[in-house]
Amino acid sequence: MTRKREVRLTKGLRARDPHLSPDGRSLVFVMNRVGMTLLAMLDLSTVRTGPAEEKNIVPLTPWSVEQYETPRWSPDGKTIAAGIWRPGGYRDIILLDPAGKVIEDITHDRAVDLGPAWSADGRYLYFSSDRSGIFNIYAYEPGTKQLLQVTNVLGGAFAPSPSPDNKTLAFASYSSKGYDIHLMGLEPSAWKPAESYVDRYPSVQYAENAVETSSYPYSPASTSYPRFWLPWFGYSYESGTLVGAFTFGQDVVQRHQYTATVLYGPKNGRIWYGIDYFYDGMYPTLHLHAADNDVTYSGFLQDARGAKDYVERDRTIGASLIVPLLKNASQHVLTIGYQRREVSNLTDLPPWPGYSGPLPAQGDLVSGRLSYLYNSSRRYAFSISPEQGRTFEVGAERFDRSLGSDFEFTKYSADWHEYLNLPWKHHVLLVRAFGGTSTGQAPAQGAYQLGGDNPGDIMLSLDDQTVTLRGYPTNVLRGQKAALGSLEYRFPISLLEQGWDTKPFYYRKLHGAVFFEAGNAWDGTFHENDVRRSIGAEARLDMTLGYYLPLTIRFVFAKGLDQEGEAQAYVGLWVPLEL
């Protein structure tokens, strides 16, 4: 703690529930293997430059189907208390000596007894038990073999932790609002002897004959089919309104995961699709992507006689390797990828006879890319948003003729989200700053586009060159460089947590946001007077669809305050799928 250093003590042991001995020289912990557990000891002096070798791990108990948990040293270092689950429904507290020999079964019944914790003087061993029908804290006195009830609550008391001076007990308590941490004074004279446990459970019946099974090679196909279909919509001026569905699937061991959207436009028979596939059966994760949709550039076609939106067909394939770098308090992700985009016009060119304005580029945009993501943001049970910390992403993307691209240029982008806690519960101020620049000759559509909205509350993906700006038409601002800053105040409205019987709709939270945004995309020199600003508000409903899919419905009003700005009111959806 003083050096702010992290040292890994074990690797590949499936070790958990460590507890340091009173002399600070060793750890007792639980190891897990093929459904069995044992208690083990690690001499910390054997850990020098890296994780301990398995030969330095001393087993205290043999491998067993009995499940050990939460071993705890007594203050004098002569006894270890541990939780144990035994076949037949017995979850008890036992005492062992440092060699692993069982000294005493403190409990041996079908009450759920868990979370042992010694008092600082070793006189009492506290634990949580549901022996009365409700979880409460109990104290066992080894010297007198007496079991005493310490708390008497309605919702449940768990995880006792006595203070070093033996005057206060901290514990977790459960209520309709969830778990809270409580403190209570310790007055042993007020404790009452625990009532005898009454076993109300039916006796265990074991099958006389073992079930015969056979093994076979694993195939993901039988469990990877779509579990739901969610109606989805799209629109562009050239293709009209498109209708279709969104779906998601993964195999039972979660090696394979995919999302797919397919839309059909009856106006001209246009089909949009987007497919993302992730393979997580290796390190790093493989991501494959394919899409075919329309991209609109508002007001792109313009000369002295007028302006018209330009719509292009964008067919994309891509592949990337996602390399997570695991840390306790933050996430670090490197992504290396390749993408090929084929863009062609859907809008007639020229838009009218004698047109003398800019013409959009067509052809192939092929790139290699590298990005780094840092994430230290936090979410809690009742959060409506990340509440503290930040996300930061930087990346570079090179379009090169040697890769098959018709254009040669390089993009450099950075995006920062800072989540600031406010004095009220679950109120958050989001501060965002985005900046991007490019070198070389980008197509006429620009290296960056700014304007419109995005489908999710995610970091701006460097796979997507569009920078959002609510209150303005889609991609209305275009250039070799771009910048965006925003402030968004997020606040809870109601904790719903209700559904309709067993129907596949469950409503979780209703919350809101008000925002201010400012940004621009430009070529050449930046001019402060060209910055576009917007304000707006949103109401957001978090829900779970089909018992699995997290979904946020957004009701948005946005107002652009400068040139090209407009009043917008629309409904949007977020589907925050994560790896």
Counting only residues that are free of Cβ contacts under 8 Å to residues at least 24 places away in the same chain, surrounded by fewer than 16 Cβ atoms within 10 Å (Cβ to Cβ) and assigned to a strand (DSSP E or B), how many does the stretch 64-85 have? 0
Enumeration of residues in the stretch 129-152 that are buried (at least 17 other Cβ atoms within 10 Å of the Cβ) and under 30 Å from Ser494 (Cα atoms): Phe135
Quick one: would you say Ser330 is at pLDDT 95 or above, within 26 Å of the chain's Cα centre (by Cα) and hydroxyl-bearing (Ser, Thr, Tyr)? no
Among the candidates Asp562, Asp542, residue that is among the acidic types (Asp, Glu), in contact with a strand residue (DSSP E or B) (Cβ under 6 Å, 6 or more places away or on another chain), assigned to a strand (DSSP E or B) and surrounded by 15 or more Cβ atoms within 10 Å (Cβ to Cβ): Asp542
Among the listed residues Glu187, Glu238, Glu212, identify the single one that is among the acidic types (Asp, Glu) and in contact with a strand residue (DSSP E or B) (Cβ under 6 Å, 6 or more places away or on another chain). Glu238
Give the residue, chosen from Gly185, Gly178, that is in contact (Cβ under 8 Å) with a residue 24 or more places away in the chain, among the small types (Gly, Ala, Ser) and assigned by TED's automatic domain parsing to the domain that holds Ser119. Gly178
Does Lys308 qualify as being part of a strand (DSSP E or B), over 20 Å from Glu342 (Cβ atoms) and touching a residue at least 24 places away in the same chain (Cβ under 8 Å)? yes
Does the stretch 480-520 hold any residues that are of a type outside the set (Asp, Glu) and assigned to a loop (DSSP other than H, G, I, E, B), and which are they? Gln480, Trp500, Thr502, Lys503, Pro504
In this structure, is Ser371 surrounded by 15 or more Cβ atoms within 10 Å (Cβ to Cβ) and assigned to a strand (DSSP E or B)? yes
Restricting attention to the stretch 501-524, and to residues there that are among the small types (Gly, Ala, Ser) and surrounded by 15 or more Cβ atoms within 10 Å (Cβ to Cβ), which single residue is farthest from Leu549 (Cα to Cα)? Ala521
Subset of the stretch 265-323 [polar (S, T, N, Q) and either under 24 Å from Gln362 (Cα atoms) or modelled with pLDDT under 95 (or both)]: Asn268, Asn293, Thr296, Ser298, Gln302, Thr316
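The values are calculated or read from the model by the stated rules, or taken from the named source; none is laboratory data. Values in this document were obtained by computation on a predicted structure and should not be read as measured data. Virtual Cβ from ideal backbone geometry, glycine too; neighbours counted across all protein chains shown.
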